[in-house]
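Remarks on the structure that follows.
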Amino acid sequence: MPRAKKKSHPETLLKSGLIVDGSGGKGYSGSILIKNGVIHRISAGPVRTSGTVIDCAGKVIAPGFIDVHSHMDWRLPIRGHDEQKWPFIAQGITTFVAGNCGMSAAGFREGTAYRGHIENHILKSPLFKMEWETVSDFFSRLSSIGMSHNMALLAGHGSVRSSLRGFDPSPLHPYETSEMIRILEKAMDQGARGVSLGLQYEPGMFAPPEEIKEVALAVKRRSKVLSVHMRALSALSTAYPIKLFGRPHNLIALSEMLDCAKKTGVRLQISHLIFVGSRSWRTVEKSLRMIEEAAARGVDVRFDTYPYHCGASHIDVLLPPWFLARLPGAFENPPAVSRLRRELSLIQRVLGFGASDVQVTDARAADLKKYDGMFLSEIARIRRQKTEDALIDIARESGGRAGVLCHRYSNEAIVQTLIRHPLSLFMTDAWVEPSGAQNPSAYGAFPRFLKLAREKRLLSLEEAVHKMTGAAAGRFGLAGRGILAEGAAADVTVFDPETIGDGDADAGSEPQPVGIECVFINGKQVLSGGKKAPPLDSGVPL
């Protein structure tokens, strides 16, 4: 697998700061000399240099933050357009773990006739052009154009399955399963850090447990990580038969994946552990207990979380598998639409979450752009229809690809519980839309983690930094990243521990981070005093 050479940058001394090295150990006063893209020296005493000196008195010198659940494989290949990438540097992020939710931008069947099924979804920017298929070719492309960040990649099960047969919901033939596993293994051999599942999206939602087990075994053979967007993230969903007094659906989905990990021995990363709707909030304690009990029995499991109450997706995620399996004709089938309307209405009443909690960020259709930024309840009033009918119409008119921001994913107490939990890692699950409303996580997630840790006393400074650096790097095998040690890559974020935060996060969807002083990626300073230091091209594939 090709690797970009680190570019040589001027020598820089970060002088007299509080070094929090990412290991979780106690911070200490000292200086760090950056030279030739690596940390050349760490010292508690004076360090001589002929290069640039940055006084870090009163500041924390930490490893660059690692976003363990990212979709930036759909943005980094875009030439220029720093506005798509800069907000992540501004919040101290130097490395992405991308390719999540089953939707990776590389590592699928070569010469596939279903390329459109892989590309044409919420993650694809109109600025993005896919000019590769394999992970190796993808990394070569990124290295040739210059990367704003470092990036590790997961191979998307959904991308591979789509490349074999599109969104056909029927079970794979044995020869197709064998080919799918071969493609995923090739992707891992070329550098993918594992495989991601998107079991709430097409076509992952059509994969039976037997198929998931085969994928998990392949990942286990390569000693890598299986990440999963589970089939259900709410107590009542359309992923399973609706029984008002049955076992909560999110617990069924969690059991499915914990059992899979127990049987296969795979390292399991549960993506964005959220609890959609107020009824789901009752399942937090049980979910965490299930994860803790599995870990106590030897299952290697962790989960990732973000610090806001909302998350980005596309509108089709709100539609049930039985309806999506009948597309494109389902919207023209009155009995199917009637059944869908009843289910959506029932879930809204019983779950405490529904179409009224969904905000359209980017409608992705010219006739619908006027609704960008509006909630579906507002759109319904304008169109003089019920909210669930507005959802159905926007899904149909946008081809299912309207971007949405779903609210009531949790509450403040749940956010704090998940941040504090010893098995959690930190992430954004975000990207910058070219137009329309934005996900606040793309702008302020990591500063907000540190702000909440400080103000609510959720974690010590060292514990919080460890989760977003050393623990993240260790989870995905990113050697020489996430730590401050001599010889390690010079990915560094310097911040003010007393002021760092996401600004006035309640004022809008684009909070502006405060307290980030400077950021280095592979030894190049890309942020200085809150200002961008272009070009943003010092990242490498990991």
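A short reminder: the numbers here are calculations on the coordinates, not readings from a lab. This structure is a prediction, so every number in the text was calculated from the model and none was measured. Please note: Cβ atoms are built from the backbone with ideal geometry, for glycine as well, and neighbour counts cover all protein chains shown.
Suppose we keep just the alpha-carbon trace of region 316-406; what are its Rg and Dmax in angstrom?
For region 316-406, the Cα-based Rg and Dmax read 12.2, 34 Å.
I'd like the Kirkwood hydrodynamic radius of region 258-337, using the inverse of the mean 1/r over distinct C-alpha pairs, in Å. Before the final figure, lay out the partial values.
Details: mean 1/r = 0.0641 Å⁻¹.
That comes to 15.6 Å for region 258-337.
Tell me, what HN-Hα J-couplings in whole Hz come from the Karplus equation 6.51 cos²θ - 1.76 cosθ + 1.60 at θ = phi - 60° for each residue of region 233-248, using x for Gly and Pro?
Result, ordered by residue: 10, 9, 5, 10, 9, 9, 7, 10, x, 7, 10, 4, 10, x, 5, x Hz.
Considering only the chain, what is the antiparallel percent among its DSSP beta bridges, to the nearest 5? Kindly include the intermediate steps, with their values, before the conclusion.
Numbers: 37 of 70 bridges.
Bridges in the chain that DSSP calls antiparallel: roughly 55 percent.
Rounded to whole Hz and in sequence order, give me ³J(HN,Hα) for region 175-181 from the Karplus expression 6.51 cos²θ - 1.76 cosθ + 1.60, θ = phi - 60°, writing x for Gly and Pro.
Listing the rounded values in order: 5, 6, 4, 4, 5, 4, 5 Hz.
Toward the positive end of the charge dipole of the chain, about the Cα centre and with charges on Cβ (Lys, Arg +1; Asp, Glu -1), which of 30, 308, 421 goes farthest?
After comparing all options, I get 421.
Normalised by the residues of the chain, what does the relative contact order come to in percent, with Cα pairs under 8 Å and at least six apart? Spell out each step's value before the answer.
Numbers: 1282 pairs, mean separation 114.4, N = 542.
Normalised by residue count, the contact order of the chain is 21 percent.
If you find the alpha carbon centre of region 146-209 and of region 69-113, how far apart are they in angstrom?
After rounding, the separation between the Cα centres reads 16 Å.
Rounded, prolate or oblate: which fits region 393-476, taking a ≥ b ≥ c as square roots of the Cα gyration tensor eigenvalues, rounded meaning a/c under 1.5, else prolate when a/b beats b/c?
Details: a/c = 2.51, a/b = 2.08, b/c = 1.21.
Cα axes put region 393-476 in the prolate bin.
Spelling out what I want: for every residue of region 116-122, take phi, set θ = phi - 60°, compute 6.51 cos²θ - 1.76 cosθ + 1.60 (Karplus), and round to whole Hz; glycine and proline get x.
Whole-Hz 3J(HN,Hα) from phi for region 116-122: x, 5, 7, 7, 8, 9, 4.
Pull up all non-local amide H partners of residue 314: gap of 5 or more, or a different chain, and H-to-H distance under 5 Å with H placed in the peptide plane.
Result for residue 314 returns 404.
Pulled fully out, how much extra length does the chain show between residue 57 and residue 386, if you take 0.36 nm times their separation in residues and subtract their Cα-Cα distance? Show your work: numbers first, answer last.
Numbers: separation 329, 0.36 × 329 = 118.44 nm, distance 5.80 nm.
My answer for the length gained is 112.6 nm.
Taking square-rooted eigenvalues a ≥ b ≥ c of the alpha carbon gyration tensor, is region 212-272 rounded, prolate or oblate, where a/c under 1.5 means rounded and, failing that, a/b exceeding b/c means prolate? All intermediate terms of the calculation are to be shown ahead of the outcome.
Numbers: a/c = 3.08, a/b = 2.51, b/c = 1.23.
Prolate, because a/c is 1.5 or more and a/b exceeds b/c.
Using Cα-only point scatterers and the Debye equation, what is log10 of I(q)/I(0) for region 1-134 at each q in 0.18 Å⁻¹, rounded to two decimals?
-1.06
Full extension from residue 322 to residue 129: what is 0.36 nm times the residue separation minus their Cα-Cα distance, to one decimal in nm?
Numbers: separation 193, 0.36 × 193 = 69.48 nm, distance 3.17 nm.
Separation in residues times 0.36 nm, less the Cα-Cα distance, equals 66.3 nm.
Work out the length of the dipole vector of the chain about its Cα centre, built from +1 on the beta-carbon of each Lys and Arg and -1 on the beta-carbon of each Asp and Glu, and round it to the nearest 20 debye. Mind dumping the intermediate values first?
On the way: 67 positive and 56 negative charges, 135 e Å.
So the dipole magnitude of the chain works out to roughly 640 debye.
How big is the gap, in Å, between the Cα center of region 233-288 and the Cα center of region 427-448?
Computed from Cα coordinates, the inter-centre distance equals 25 Å.
Which net charge results when you count Lys and Arg as +1 and Asp and Glu as -1 among the other residues whose beta-carbon is under 13 Å from that of residue 419?
So the surrounding residues net to +3.
Size of the dipole of region 316-406 about the Cα centre, Lys and Arg at +1 and Asp and Glu at -1 on the beta carbon, nothing else charged, in debye to 20? Intermediate values should be presented prior to the final figure.
Numbers: 14 positive and 12 negative charges, 45 e Å.
For region 316-406, the charge dipole is close to 220 debye.
Just going by the charge dipole of the chain, with Lys and Arg at +1 and Asp and Glu at -1 on Cβ, which of 461, 118, 338 is farthest out on the positive end?
461
Can you work out the FRET efficiency for the pair residue 213 and residue 289, with r the C-beta to C-beta distance and R0 = 30 Å, to the nearest 0.05?
Details: r = 24 Å, r/R0 = 0.81.
Efficiency, from the Cβ-Cβ distance: 0.80.
What FRET efficiency, computed as 1/(1 + (r/R0)^6) with R0 = 45 Å and r the Cβ-Cβ distance, is obtained for residue 243 and residue 82, rounded to the nearest 0.05?
0.35
Given 0.36 nm per residue, what is the gain on full extension from residue 110 to residue 346 after removing their alpha carbon distance, in nm?
Details: separation 236, 0.36 × 236 = 84.96 nm, distance 4.31 nm.
Extra length from residue 110 to residue 346 when fully extended: 80.6 nm.
Taking the square root of 5 times each eigenvalue of the Cα gyration tensor, what semi-axes in Å does the equivalent ellipsoid of the chain have, largest first? Each step should come with its number before you reach the end.
Details: eigenvalues 282, 124, 104 Å².
Those come to 38, 25, 23 Å.
At R0 = 22 Å, how high is the FRET efficiency between residue 333 and residue 120 if r is their beta carbon distance? Nearest 0.05 is fine. Write down the numbers at each step before the final one.
On the way: r = 23 Å, r/R0 = 1.05.
For R0 = 22 Å, the calculated efficiency reads 0.45.
Using the alpha carbon gyration tensor of region 160-265, what are the three equivalent-ellipsoid semi-axes (square root of 5 times each eigenvalue), largest first, in whole Å? Write out the running numbers ahead of the final one.
On the way: eigenvalues 126, 53, 24 Å².
In descending order the semi-axes read 25, 16, 11 Å.
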